[in-house]
Amino acid sequence: MENEVKSGQEFEFKAEMKQLLNLIVHSLYTHPEIFVRELVSNASDALNKLRFKRLTNPDILQPDAELGIKIKLDKENGIFSIEDSGIGMNNEELTANLGTIASSGTLQFLKNMKEQQKSLDGNMIGQFGVGFYSIFMVTDEVTVETRSADAEGKAYKWISKGEEKYIIDESDKETRGTTITFKLKDEYKEYAEDYTVKNVLNKYSNFVDFPIYVNDEKVNNITALWHKKKDDTTTEELNEFYKFISADYQEPLGHLQLNIEGVLNFKALLFIPKVAPPYLFRDLQDKSLHLYSNKVFIQDDCKDLLPDYLKFVKGVVDTEDLPLNVSREVTQSSPIMTKIKNTLTSKLLALFEDWAENDNEKFLEFYKQFSPVFKTGINSDFTNKDKIVNLLRFETSLTEKEKLSSLKDYVSRMKDGQNDIFYVAGDNRENIVKNPNLEYFFNNNIEVIFLTDPVDLFTITYIFNFENKPLKSIDKADIDVSKTDNSANDLSEDITSGIIETFKKVLEDNVQDVIKSKRLVDSPCTLVVGKDGMDPQMEKIMQMMDKGYSGSKRILEINTSHEIIKNLAKLNIANPDDEFLKKTIIQLYEGSMLIEGYLKSPIDYVKRMNEFILKATR
């Protein structure tokens, strides 16, 4: 039997509650509209409890009453009222839920804080949940009338200004549930407008599993598709839902619907957009998955639900397992969040694997749009690194332009005796194929992967090897290639040694070394990177980030079978100090620098070239 309440009995908030209220009103919530969401969320919770109670105990007040939420707005007087037909509260529950904070576990938390001699501040709000009190941001006084669902229950009224005290009195409320009424502060009168409240509900509570009425008009009409069975959802519904949550006018490329039950319980409806945003990396920092708790909106940018390389995915995740902070605005750090993230990541990668195997056209459409972001998972998600590597696609020297190949396909085409996977980086295919370092590979029909995306240079070095085949840049000096068969036209060892020494003397500290090339066929010389040096394209990226970055010195390889090198060798035998010989060596070196995009003095290069033209045309 309920304890009797004296007429207008006054109670005083405990000191801890006063501190908590002050924190909520002045520092906890970032947007005043949140109070609408919190009240609807609490009403939804009360309705869910009633729905369960009705299943197990039919002896309740008004068993046939509709389960719903009614919001009444009085624009002229600035009055806001929200009523639910949920489980309601008796006297003890009213005191426990609104007069104290023990029901949320916060009292014990505060006691622990006191024992540790720590003060309560905004960084600790994730330890408890009392969203009802956000109401005091927009009003000076609140009246709560409630009647328990118990058939013999009485009705009570709770009144408070959110400061020192609150009053509990009996009420003449006849219907089951709870009604909250208050007058809005002048600066928040907009929340007595139908239009404003409908917009807030559309943003936060559109998928609550109970009808919501605003001045008798039902406003939540969109079905929570993620709670429906896969077979019960139509393509049209999915497409419209995607457009609603993403603000995208196009249909999605594909979707993934999940219903995970067991140790972890959550539902998810995820979409892969058809087209990447114009500023891919920047835009993905601002948008992520919507997080719901039992169909009540919590957060529209829950970055912790997906790793960065999958942030292009849109959709909804709904879980009751995740602890939330007092404002529901920021999810509390939790191992459950990590488990959800890991599950979503695994399921999305499995979806891409299925596309790659069974619908390659769709997979390539996805890859061409989102690969710059997706590939970054190689150096951030070591758990799924192998899966990501298997999904990589590249142009190669043996594929047609814009035709992409996997590393697995590359390995299947490797020549007998080939131990390494070769790659080369460049701005585009047209420039890459002119790279002198490719001549050996073209001549011997050895496939080379073309890296045309700047992101590749940040990720390729994290792969190391694939199917026990090391990945190696053809711009490196230490690649394993056999000598191009030009032995009949080659210089002798002693003549080669002499011209190399002259090259070294002329170029001095401009190069790390000068060596005889094994890879060149048609070009007289090329610059390569030492064993521990960066790829040329990576150095360009480093220089864009740091103007003072100078990079490493190159190794100059000379083709001793080339006519220019042979002619220079003759000049060297006659006179190693010949000025024309020296200028030609410098011109060859700077020509290689020009090809790489590193030539610092193009004016000198052109002036010297004009001297050669003048001499040749006399």
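Looking across Gln116, Gln62, one residue alone is over 16 Å from Thr143 (Cα atoms), surrounded by fewer than 16 Cβ atoms within 10 Å (Cβ to Cβ) and modelled with pLDDT under 75. It is Gln116.
Filtering Asp513, Asp546, Asp535 for residues that are out of contact with any strand residue (DSSP E or B) (no Cβ under 9 Å at 6 or more places or on another chain) and not assigned by TED's automatic domain parsing to the domain that holds Leu457 leaves a single hit, Asp546. Going by what's in this entry, would Leu398 be described as within 22 Å of the chain's Cα centre (by Cα) and touching a residue at least 24 places away in the same chain (Cβ under 8 Å)? No: the conditions fail for Leu398.
Just one of the listed residues (Leu110, Leu47) is within 38 Å of the chain's Cα centre (by Cα), at pLDDT 80 or above and assigned to a helix (DSSP H, G or I), namely Leu47.
Yes/no matrix, rows are residues, columns are (1) assigned to a helix (DSSP H, G or I); (2) modelled with pLDDT of 95 or more; (3) under 16 Å from the mean Cα position of the chain (by Cα); (4) surrounded by 15 or more Cβ atoms within 10 Å (Cβ to Cβ):
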{"position": "Lys339", "(1), (2), (3), (4)": "yes, no, no, yes"}
{"position": "Thr345", "(1), (2), (3), (4)": "yes, yes, yes, yes"}
{"position": "Trp355", "(1), (2), (3), (4)": "yes, yes, no, yes"}
{"position": "Leu364", "(1), (2), (3), (4)": "yes, yes, no, yes"}
{"position": "Pro372", "(1), (2), (3), (4)": "yes, no, yes, yes"}
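For Ile463, the conditions (1) touching a Pro at 6+ places or on another chain (Cβ under 9 Å); (2) buried (at least 19 other Cβ atoms within 10 Å of the Cβ) are fulfilled apart from (1).
Only residues that are within 30 Å of Met542 (Cβ to Cβ), in contact (Cβ under 8 Å) with a residue 40 or more places away in the chain and polar (S, T, N, Q) were counted across the range 568-605, and they come to 1.
Just one of the numbered conditions (1) under 28 Å from the mean Cα position of the chain (by Cα); (2) modelled with pLDDT under 90 is not true of Asn465: (2). If the condition is being assigned to a strand (DSSP E or B), buried (at least 22 other Cβ atoms within 10 Å of the Cβ) and out of contact with any helix residue (DSSP H, G or I) (no Cβ under 7 Å at 6 or more places or on another chain), then the range 140-149 contributes Glu145, Arg147. Check the range 549-568 and report whether any residue there is touching a helix residue (DSSP H, G or I) at 6+ places or on another chain (Cβ under 7 Å), surrounded by fewer than 16 Cβ atoms within 10 Å (Cβ to Cβ), among the polar types (S, T, N, Q) and modelled with pLDDT of 85 or more. No, the conditions are met nowhere in the range 549-568. The lone criterion from (1) in a helix (DSSP H, G or I); (2) of a type in the set (D, E, K, R); (3) surrounded by fewer than 16 Cβ atoms within 10 Å (Cβ to Cβ) left unmet by Glu163 is number (1). The strands (runs of 3 or more DSSP E) falling completely within the range 504-604 include none with 2 or more residues that are acidic (Asp, Glu).
The values are calculated or read from the model by the stated rules, or taken from the named source; none is laboratory data. Note that the coordinates shown come from a computational prediction; the quantities given were computed from them, not determined experimentally. Glycine gets a Cβ as well: all are built from the backbone with ideal geometry, and neighbour counts include every protein chain shown.
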